[in-house]
1. Taking segment A:44-92, which residues are more than 11 Å from chain B (Cβ to nearest Cβ) and more than 18 Å from A:N119 (Cβ to Cβ)?
2. Working carefully through the options B:T155, B:T177, find the one that is at the interface with chain A (Cβ under 7 Å from one of its Cβ atoms), in contact (Cβ under 8 Å) with a residue 40 or more places away in the chain and under 17 Å from the mean Cα position of the chain (by Cα).
3. Scan segment A:108-139 residue by residue and report those that are within 14 Å of another protein chain (Cβ to nearest Cβ) and part of a loop (DSSP other than H, G, I, E, B).
4. How many residues, within segment B:187-212, are over 17 Å from the mean Cα position of the chain (by Cα) and more than 22 Å from B:D262 (Cα to Cα)?
5. Are any residues in segment B:159-173 touching a residue at least 12 places away in the same chain (Cβ under 8 Å) and at the interface with chain A (Cβ under 8 Å from one of its Cβ atoms), and if so, which ones?
6. Name the helices (runs of 4 or more DSSP H) wholly within segment A:3-95 that hold at least 1 residues that are surrounded by fewer than 21 Cβ atoms within 10 Å (Cβ to Cβ) and without any contact (Cβ under 8 Å) to a residue 12 or more places away in the chain?
7. Of the conditions (1) part of a loop (DSSP other than H, G, I, E, B); (2) under 13 Å from the mean Cα position of the chain (by Cα), B:G100 clears all except one; give me its number.
8. Can you find a residue that is over 25 Å from B:Y237 (Cα atoms) and in contact with a helix residue (DSSP H, G or I) (Cβ under 8 Å, 6 or more places away or on another chain) anywhere in segment B:143-163?
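The values are calculated or read from the model by the stated rules, or taken from the named source; none is laboratory data. Note that the structure is a prediction, hence the values are computed from the model and not measured. Backbone-built Cβ (ideal geometry, glycine too); neighbour counts: all protein chains shown.
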Amino acid sequence: MAREIEFRDALREAMTEEMHRDERVFLMGEEVAQYNGAYKVSRGMLEEFGAERIIDTPISETGFSGLGIGAAMMGLRPIIEFMSWSFSLVSADQVLNNAPKMLYMSGGQFGVPIVFRGNDGAGGQLGSTHSWCVESMFANVPGLKMIIPAFPDDAKGLLKSAIRDDDPVFCLESERLLSLKGEVPEEEYLTPIGEARVRRTGNDCTIVAFGRPVHFALEAATELAKSGIECDVIDGRSIRPLDMDTIATSVRKTNACVVVDQSWPFASIASEISAQVQECCFDDLDNHVHRVNNDDVPAPYATNLEQAMLPHAGKVIEAVRSATYNL
Amino acid sequence: MRPPVTKAPVKQTNHKKVAASKNDAAKGKVKSSNDAKTLKHWLREMLLIREFEVRTMQAYQNRLVGGFCHIYSGQEAVAVGTIAALQDDDPIITAYRCHGHALARGMDPYYCMAELFGRFDGCAKGKGGSMHMFDREKHLYGGHAIVGAQTPLATGLAFATKYEQEVIKTSDHTRVTVCYLGDGALNQGGFHEAMNLAGVLDLPVIFVIENNGYAMGTSVARGTTLADALYRKAESYGMTGHLIEEGMDVVTVHDQFKKVVDETRKTSKPDLVEIRTYRFKGHSMSDPRKYRTHEEEEKWNKQDPIDHLSHDLIKAGELTQDEFKKMTTEIRGEIRDVVKRASEAEPPPLDELYVDVHTGNWGPFKGTTLPNMLRGDNEKTTDQNQESH
């Protein structure tokens, strides 16, 4: 049986179920306990689990992300919430050196089974420092896994898998999706990390997207269908591991590919997928892979400029039309 | 939060008058009180570290060791004295000058040297190098190369021991985490965040500043405030600061540190300890030491922790010159043998490049395996993860 719940409730269900299942799991971050979460994701968890397992921290990203990594080295399974992934830059050394590389540099002695999670991407007029999409920069680092759910059911299933994973997992959520409602099964399930999901099928063009841009891709596909262009829309769900099999299978069918990525274009997720698609589908492509990214500028404050900078359905439609001009 | 408490600096006391702690025999894990046998054991450990480092420098010059290499000579009394004050399962974590801590914690010098030589038998299978000594069985959580990076990790180790004891009750005793850092790490933001978190969350962790006077080439006074009383930084975080001035004397270090450890184990609250010491060599192998004077080096060389203890023991009639000579010769032979074995050991197989990136297999990644150091003899030739390859 499924019921409709919000994205934030799906995230909370994932955490509470896993905390009931495994007492080594705890949640730590700024305002997660008494305040009920800056975005109400952890609402009610303090009452349910107590202050020993739902732990408020000072504003101290380096400190508490490092604390989580140390605790994970000893076998606990921390969930560390960043109010925003933008703030994780303060703790980049812990997040990018210590979490993903500890297993390797200790010669297999100390793994780091930790989940870092929080809002990624533009909120609404938050300006340059608070609108980070860390995926392109952070996904460059070997040793971590990265998930980026676009719908409540995947948010729950992927986060549960992440908490059980023995590797560090970065869970990228979107503030703009937290109130999105969607069907989520009542019975327990896990969504495997590293498997994309085809959200819509069509033979004319493959659109690959991650996180919030999946919604722009679906909106674009609906619009394009009206003029007879049918798209495969692939919700990547995981960035590391990347499900290239699903992407390549689709591109071999459609012979056209558009990647929608909310990070900057230079050395981005879209760049990576473009490179991989041309490596494995070179002879299948009728056109170069098209990329829809944020514009290559810092995030502006003014509404019109911010909208102009971000990916949206209009930009996706334009890219698909260009990629399929020969149809 | 507790009100800040400042403790007056612990003054040097005659170590022979310091009574052994009552808890020494508890659990059978703590080394015995300072009888002659114990003192000789510490002397041996310090000699072992010194000889290991002498041979490491030679090997570095012969290009058997690469990368950055930081020599512990001169600071032996700190690692040996403090670790002797701990239980075997108290977690320790340190910075990049970590050979001494690994050896004092009981890592077989062969695995340590093999790591320096980049061999598969190294403690990290040749993937870590000089700055990354790890030993899970000995509760050594590294070897961390970014200055200060280990300090937040230490709060996590302490958090986990407390969580195991109080929340999930998988541990029945308090474990004290010891986090070593240099005076240079004091000025990294992460250290202050770690101190604050330890204070706010009441974590059983002791931060030990090994004050050797220099952050690379920058003297303490040029780099930090309260340069003559670093331990007082504890006040800002509501914890007790302690000074061990005689950091070149292993007995003083042990006895004074033991009191702090006992207190932390009892209260489960953090402490900061400054230990004054000196590195006899440069910051790393490439350091000509032009920032300090010959006179200063001479002054500290006269306080050599090994000479200090051996003279005391000989004077007290507990050790003869011949015994000392024999001990030195034995250790030289042992380390010579370690160097020989390490130089003959195999480098990691190329397959190992993709092992230990992730715990499982996906794409080119081939899961993880433990180093030979942690495998039983009969396991060493077989790959534990073979079936999943």
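1. A:G44, A:L46, A:E47, A:E48, A:I54
2. B:T155
3. Once the filter is applied, which keeps residues that are within 14 Å of another protein chain (Cβ to nearest Cβ) and part of a loop (DSSP other than H, G, I, E, B), segment A:108-139 yields A:G108, A:Q109, A:F110, A:G111, A:V112, A:P113, A:I114, A:A139.
4. Restricting attention to segment B:187-212, the residues satisfying the condition of being over 17 Å from the mean Cα position of the chain (by Cα) are B:187-204.
Add one more test, that the residue is more than 22 Å from B:D262 (Cα to Cα), and what stays is B:187-193.
Within segment B:187-212, residues that are over 17 Å from the mean Cα position of the chain (by Cα) and more than 22 Å from B:D262 (Cα to Cα) number 7.
5. Of everything in segment B:159-173, those that are touching a residue at least 12 places away in the same chain (Cβ under 8 Å) and at the interface with chain A (Cβ under 8 Å from one of its Cβ atoms) turn out to be B:F159, B:T161.
6. On the way: elements: A:7-21, A:45-49, A:61-73.
Because the criterion is at least 1 residues that are surrounded by fewer than 21 Cβ atoms within 10 Å (Cβ to Cβ) and without any contact (Cβ under 8 Å) to a residue 12 or more places away in the chain, the helices (runs of 4 or more DSSP H) in segment A:3-95 that meet it are A:7-21, A:45-49.
7. Status for B:G100: all satisfied but (1).
8. Yes - at least one qualifying residue is present in segment B:143-163.
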